[in-house]
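K.L.:
Have a look at this one.
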Amino acid sequence: MSYRTLSEQEAVEYARSIPNLFPQDAQLVSREIGDGNLNFVFRIQDEGPSGKSIIFKQALPYVRVIGDSWPLTLDRARIESEALLLENELYPGSVPEVYHHDNELALIVMEDLSKYQIMRKGLVERKRYPNFAKQIGTFLARTLFLTSDLALSPVEKKRKAASFTNPELCNITENFVFTYPFHDDPSNAYNPLLSNMVQQIWNDNELKLEIARLKEGFMTRGQALLHGDLHTGSIMVTEEDTKIIDPEFAYYGPMGFDIGALIANLLLNYSAHEGHTLEPQERESYQAYLLDTVVQVWNVFEAEFRNLWEEKAQEAYAKIPGYVDAYLQDVLQDTVGYAGCKMMRRVIGLAHVSDLESISDPALRAKGETLALTIGQELILKRSSITSINKVIVLVASSTAQQ
């Protein structure tokens, strides 16, 4: 079947053709629910006794939010489906189950997570997730360690890296995370109340030198298979469980990029509560929860990573005293730097976060955005001095106190 975009009715007929997906007498209805920038997403549900529902995700040959003036590879659907299958193998239950994928139609058929909530929305509402740090920290450790040269033979690792070559989506990251926000580029969009601060950032060559180094690492250090876009809008949660979705940016890159992206989004939410939560004690309590989550995520990641190193490392130098410590120190400093870049780009560049954008008062929003930019700069400039995750928390607290 050659590529074409499916209508809602065509999606229903396609679903009927997949063996054992629905009962033969299923009363199927389809609704397009996508609210992202790139793809069509359908929920198909049996209105009959089974009540079963699934998700169809179809990639478009262009950026949906812009149109066919910005073409985009359909191969990202293959990469996403293969990443989901591999992630589920490495940490079962951490991602939606894939029932079917069709490379010709750039289509993935997967588990419906309607009972889960997008984490970003929950954090804006000041919800707390007691199992999140353990689950996401374990996901990060297992998916990163077990796809790296530490656990795989050099031949197998390089074959995986070739399969997950993702140049077009990496180019989006290289431009919109590391380049455009730090120059006067027409794609940028920021609160006018930040104009003076943004101009200072654009003129700060010390800062831009460090960002250049981080960008080089993103482009050249193929340590492990990354999710590639691990923000709180790509995580679905309940109070008990965590599911990671949308790994279409997956590629082989530096481990700290995934961890940094997650921490950046927790700290963006931390900053946003300067505008969302005006009662001081309530705000400080929730911000303390977010910082504690940052610490727990790293600590769980590090503990699981060390266990995997001890049990599964194949690299000849893995038993050299001090190597695991040095390796994790490098990952931590990468994490800190990438978190800073991610925070700043979400304030200055294209594609903001609803944590901040949902603050209707521009002055209140600017307060949160200023804090996010301040923390982001500090993370980038001081990353080489960060020797523990607790130093990140001290840095954030110091930046907050200066507000």
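The values are calculated or read from the model by the stated rules, or taken from the named source; none is laboratory data. What you see is a predicted model, and the numbers here were worked out from it, not measured in a lab. Neighbour counts run over all protein chains shown; Cβ positions are idealised from the backbone, glycine included. Protein only, heavy atoms only, side chains kept; ligands, DNA and RNA dropped before computing areas. Shrake-Rupley method; radii C 1.70, N 1.55, O 1.52, S 1.80 Å.
K.L.:
Taking all protein chains in place and a 1.4 Å probe, what share, in percent, of the accessible surface of the chain do carbon and sulfur account for?
P.N.:
That share works out to 49 percent.
K.L.:
What relative contact order, as a whole-number percentage, does the stretch 89-211 give when Cα pairs under 8 Å and 6 or more residues apart are counted? Provide the component values of the computation, followed by the final result.
P.N.:
Numbers: 46 pairs, mean separation 18.3, N = 123.
Once normalised by length, the contact order is 15 percent.
K.L.:
Separate question: Using only Cα atoms, tell me the angle between helix 167-176 and the longest principal axis of the chain; keep it within 0 to 90° and round to the nearest 10.
P.N.:
For 167-176 against the chain, the angle is about 40 degrees.
K.L.:
May I ask you to derive the FRET efficiency for Glu174 and Asp292 from their Cβ-Cβ distance with R0 = 41 Å, giving the value to the nearest 0.05?
P.N.:
Calculated transfer efficiency: 0.80.
K.L.:
Further, regarding this structure: Could you grab the relative contact order for the stretch 1-159? Cα pairs under 8 Å, six or more apart, rounded to a whole percent.
P.N.:
Details: 216 pairs, mean separation 26.0, N = 159.
This gives 16 percent for the stretch 1-159.
K.L.:
Can you tell me the FRET efficiency between Asn205 and Tyr99 if r is taken as the Cβ-Cβ distance and R0 is 45 Å, rounded to the nearest 0.05? It would help to have the intermediate numbers written out before the result.
P.N.:
Details: r = 51 Å, r/R0 = 1.14.
Step by step, r from the Cβ atoms, then E = 0.30.
K.L.:
Once you keep just the Cα pairs under 8 angstrom separated by 6 or more residues, what percentage relative contact order results for the stretch 38-121?
P.N.:
Contact order relative to length: 27 percent.
K.L.:
Nearest 10 degrees, 0 to 90: what angle lies between the long axis of helix 154-163 and the longest principal axis of the chain (Cα atoms)?
P.N.:
Once rounded, the angle reads 70 degrees.
K.L.:
While we're here: Return the whole-Å distance between the Cα centroid of the stretch 342-385 and the Cα centroid of the stretch 142-188.
P.N.:
23 Å
K.L.:
Quick one: helix 205-220 against the long Cα principal axis of the chain, what's the angle to the nearest 10°, folded into 0 to 90?
P.N.:
The two axes meet at around 30 degrees.
K.L.:
Let me ask something else about it. Give me the 1.4 Å probe accessible area per residue for the chain, excluding ligands and nucleic acids, in Å².
P.N.:
Accessible area per residue, the chain: 42 Å².
K.L.:
Return the calculated 222 nm mean residue ellipticity for the chain, to the nearest 500 deg cm²/dmol, obtained by summing -39500 (n - 2.57) across DSSP H runs with n ≥ 4 and dividing by the residue count.
P.N.:
Theoretical 222 nm ellipticity from helices: -17000 deg cm²/dmol.
K.L.:
Describe numerically, in nm with one decimal, the distance between label points set 7 Å from Cα along Cα→Cβ at Ala318 and at Ser384.
P.N.:
Inter-label distance under the simple model: 3.1 nm.
K.L.:
Let's test the formula: R0 of 22 Å, r as the Cβ-Cβ distance of Asp184 and Ala363. What FRET efficiency results, to the nearest 0.05?
P.N.:
0.40
K.L.:
Length gain on complete extension for the stretch Arg306 to Thr165, per 0.36 nm per residue less the alpha carbon to alpha carbon distance?
P.N.:
Extra length from Arg306 to Thr165 when fully extended: 48.0 nm.
K.L.:
Additional query: Which whole-angstrom value gives the distance between the alpha carbon centres of the stretch 1-49 and the stretch 259-315?
P.N.:
37 Å
K.L.:
Asn88 label point, 7 Å along Cα→Cβ, cut-off 14 Å on backbone N: hits in the stretch 227-262?
P.N.:
243-247
K.L.:
Take the chain, connect every pair of alpha-carbon atoms lying under 10 Å apart with a spring to form a Gaussian network, then pick out the residue of Ala366, Ala141, Ala189 with the largest mean-square fluctuation.
P.N.:
Of Ala366, Ala141, Ala189, the Gaussian network model singles out Ala189 as fluctuating most.
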